[in-house]
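**Q** Handing you a structure now.
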Amino acid sequence: MASLTVRQLDDKLKKQLRLRAARNGRSVEDEVRTILRGAAADEDAFVPPRTEAQRGRASEADAAHILLIIGGGIAAYKSLDLIRRLRERGIAVRVVMTAAAQKFITPLSVGAITGEHPFLDLFDAHSEFDVGHIRLAREPSLIVVAPATADLMAKLAHGLADDLASAVLLATDKTILLAPAMNPNMWSNRATQRNIALLAAEHVALVGPNQGEMAESGEAGVGRMAEPLEIVAAVQARLAPDSRALAGVRMLVTSGPTHEPIDPVRYIANRSSGKQGHAIAEAAVLAGAAVTLISGPVTIPDPHGATVIKVESARDMLAAVEAALPADVAVFAAAVADWRTTTNSREKIKKSGKQAPELVLVENPDILSTVAHRKSKRPKLVIGFAAETENVVEHAKRKLARKACDWILANDVSPETGIMGGDSNTIHLVTANKVEHWPPQSKTEVASVLVSRIAAALGEQK
Ligand code: CTP
């Protein structure tokens with residue numbers, strides 16, 4: 001039997017194979033086997049020519065180029081795998097290493113994987129002459145910092161620029177994605193948290209850190225760098241033109257408050273703005289999903305590219321959700337009113353001068369729970385929110401079980417957090433077997449992190 005060595009194929013074919021394999025989540029060798037199997041099964045196998053749109057997407061992906069800044073932490077060894085994963089997906093990677101990063105991994109190993117020497121020094125005659133920190137900062141589609149150390153984040157938050165990495169971060173006009181990695185005490189330190197809050201306000205994006213064991217023996221907590229594939233998903237979600245992380249996925253999102261009428265002019269409502277649900281719908285559209293957004297009354301614009309269905313009451317929302325099924329993923333971000341009045345007067349209720357009218361309340365249907373308990377047409381991934389004002393995680397765990405959903409994004413909506421109606425959010429992701437504490441970040445960032453996580457979870461289910 002003849003054997004075939006992929007390495008000996010010409011470069012263009014190898015590149016096409018790598019892209020195709022990455023798209024299908026297979027190794028290159030498996031992809032070759034799949035193609036051969038298909039061709040053998042059907043000698044007349046006909047591969048339809050790629051459409052204009054597909055050709056356009058592929059060439060945009062070819063053009064995607066990120067700058068990876070490797071900070072000095074033990075997680076730097078994972079950056080080597082990250083580079084490989086990004087390149088497999090056709091994303092070119094140029095690297096800057098801090099002096100501390102070079103204590104953990106060598107420029108030689110980075111150069112071997114990227115195919116070009118990493119940039120090391122702000123005053124290095126060669127790199128400054130050839131590229132310069134301004135070009136390094138401006139040319140990429142996105143800048144990723146992984147691992148992002150407490151020190152690098154502090155410099156970025158305060159505008160310091162005393163080495164190549166921090167100078168590039170200060171000079172860039174591109175989105176910055178940080179993958180923090182540090183000891184849990186350093187992460188929870190108030191100075192670090194203050195810096196994170198400053199960066200979130202500047203729309204710097206974060207992926208991770210995750211909860212788990214640290215490299216130091218016996219240490220565990222929040223501070224582990226996100227896994228390379230999670231970072232890849234976050235990168236793909238931001239490289240908008242070629243982001244196909246949720247291509248082919250049907251996604252349903254509820255958002256905003258509901259209004260429960262009392263009479264033609266009055267209603268029961270809550271303070272939800274719809275910002276979080278709308279941001280999730282928008283991030284999912286950017287990632288290539290077909291999104292149906294079912295929104296209660298809000299004053300913010302419809303997200304571009306989603307099918308938007310506008311409803312008033314909880315019962316309308318339930319009906320619209322059921323009509324929009326089937327879906328692969330459903331995210332219930334709406335703050336549905338728990339109660340409605342038994343009477344919805346057709347006429348305006350007038351003051352009688354005697355007693356105030358008595359409002360009798362009945363419970364609304366629970367939309368999330370209804371969908372999650374469905375025997376048929378239950379989405380593969382059902383995600384709820386938990387708006388709490390005390391014992392946030394404990395209440396969320398109980399909600400997860402009671403409502404039979406797969407994940408809950410719990411947040412503290414006490415007035416002093418400013419979350420309800422505000423632009424930022426602090427999420428605790430509760431699943432059947434773990435709790436993750438996400439850093440404070442903008443609602444847009446929460447949305448893109450969630451979309452990355454959904455893409456990763458759907459990939460694992462495959
Ligand atoms: N939810 C829903 N339908 C309802 C009430 C809530 O779909 N009638 C969904 C929300 O969209 C959210 C989750 O359930 O995803 C939790 O909502 P939350 O307001 O936190 O909790 P409640 O179920 O209302 O419970 P409680 O008021 O006791 O906190």
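**Q** Would you confirm, using the coordinates I've provided, whether K380 is away from the ligand (no atom under 13 Å from the Cβ), under 21 Å from the mean Cα position of the chain (by Cα) and basic (K, R)?
**A** Criteria met by K380.
**Q** With a cut-off of at least 2 residues that are modelled with pLDDT of 95 or more and charged (D, E, K, R), name the helices (runs of 4 or more DSSP H) lying wholly within region 120-238.
**A** Fully inside region 120-238 and qualifying: 150-158.
**Q** So which pairs qualify, if the first residue must be in region 347-376 and assigned to a loop (DSSP other than H, G, I, E, B), the second must be away from the ligand (no atom under 13 Å from the Cβ) and charged (D, E, K, R), the Cβ gap must be under 6 Å, and the two must be at least 6 apart or on different chains?
**A** Pairs that qualify, where the first residue is assigned to a loop (DSSP other than H, G, I, E, B) and the partner is away from the ligand (no atom under 13 Å from the Cβ) and charged (D, E, K, R), are K348/D263; I349/D263.
**Q** So, one more: D338: closer than 25 Å to R378 by Cα and more than 16 Å from the ligand (Cβ to nearest atom), yes or no?
**A** Details: closer than 25 Å to R378 by Cα: yes; more than 16 Å from the ligand (Cβ to nearest atom): no.
No: the conditions fail for D338.
**Q** How many of the residues making up region 273-320 are touching a strand residue (DSSP E or B) at 6+ places or on another chain (Cβ under 7 Å), among the charged types (D, E, K, R) and outside any loop (DSSP other than H, G, I, E, B)?
**A** 1
**Q** If you don't mind, there's one more thing I want to ask. Can you tell me which residues in region 75-124 are within 18 Å of M182 (Cα to Cα) and out of contact with any helix residue (DSSP H, G or I) (no Cβ under 7 Å at 6 or more places or on another chain)?
**A** Within region 75-124, A75, S79, A99, A100, Q102, K103 meet the criteria.
**Q** Output the number of residues of region 283-306 satisfying the condition of being within 16 Å of the ligand (Cβ to nearest atom), out of contact with any Leu (no Cβ under 7 Å at 6 or more places or on another chain) and among the polar types (S, T, N, Q).
**A** 1
**Q** Which ones in region 312-344 are over 30 Å from A457 (Cα atoms) and among the β-branched types (V, I, T)?
**A** If the condition is that a residue be over 30 Å from A457 (Cα atoms) and among the β-branched types (V, I, T), then T341, T342, T343 are the ones that fit.
**Q** Scan region 100-115 and tell me whether some residue there is touching a Phe, Trp or Tyr at 6+ places or on another chain (Cβ under 7 Å), part of a helix (DSSP H, G or I) and in contact (Cβ under 8 Å) with a residue 24 or more places away in the chain.
**A** yes
**Q** Further question on the same structure: Take G422 and tell me if it is over 26 Å from A319 (Cβ atoms) and either at pLDDT below 95 or not charged (D, E, K, R) (or both). Before you say what the answer is, go through the steps one by one.
**A** Working: over 26 Å from A319 (Cβ atoms): yes; either at pLDDT below 95 or not charged (D, E, K, R) (or both): yes.
For G422, the condition - over 26 Å from A319 (Cβ atoms) and either at pLDDT below 95 or not charged (D, E, K, R) (or both) - is met.
**Q** Continuing with this model, one more query. Please go through (1) assigned to a loop (DSSP other than H, G, I, E, B); (2) within 12 Å of the ligand (Cβ to nearest atom); (3) of a type outside the set (D, E) for R398 and return the number of the only condition it doesn't satisfy.
**A** Condition not satisfied by R398: (1).
**Q** Take the residues in region 401-428 that are within 13 Å of the ligand (Cβ to nearest atom) and in a strand (DSSP E or B); name whichever of them is surrounded by the most Cβ atoms within 10 Å (Cβ to Cβ).
**A** For region 401-428, the residue satisfying everything is I408.
**Q** I've got another one for you. Restricting attention to region 341-369, and to residues there that are under 13 Å from S313 (Cα atoms) and surrounded by fewer than 18 Cβ atoms within 10 Å (Cβ to Cβ), which single residue is nearest to the ligand (Cβ to nearest atom)? Reasoning before the result, please.
**A** Step one: of region 341-369, the residues under 13 Å from S313 (Cα atoms) are 341, 344, 363-367.
Okay, now just the ones that are also surrounded by fewer than 18 Cβ atoms within 10 Å (Cβ to Cβ), so 344, 363, 365.
Working: N344: 17, E363: 8, P365: 6 Å.
Across region 341-369, the extreme among qualifying residues is P365.
**Q** Somewhere in region 251-264, is a residue farther than 24 Å from V362 by Cα, of a type in the set (D, E, K, R) and buried (at least 18 other Cβ atoms within 10 Å of the Cβ)?
**A** No.
**Q** Identify, by number, the condition in (1) within 16 Å of the ligand (Cβ to nearest atom); (2) in contact (Cβ under 8 Å) with a residue 24 or more places away in the chain; (3) over 18 Å from L409 (Cβ atoms) that I309 doesn't meet.
**A** (2)
**Q** Related question: Looking at A372, A327, which is the one that is within 11 Å of the ligand (Cβ to nearest atom), within 27 Å of the chain's Cα centre (by Cα) and modelled with pLDDT of 95 or more?
**A** After ruling out the rest, the residue left standing is A372.
The values are calculated or read from the model by the stated rules, or taken from the named source; none is laboratory data. Note that the coordinates shown come from a computational prediction; the quantities given were computed from them, not determined experimentally. Neighbour counts run over all protein chains shown; Cβ positions are idealised from the backbone, glycine included.
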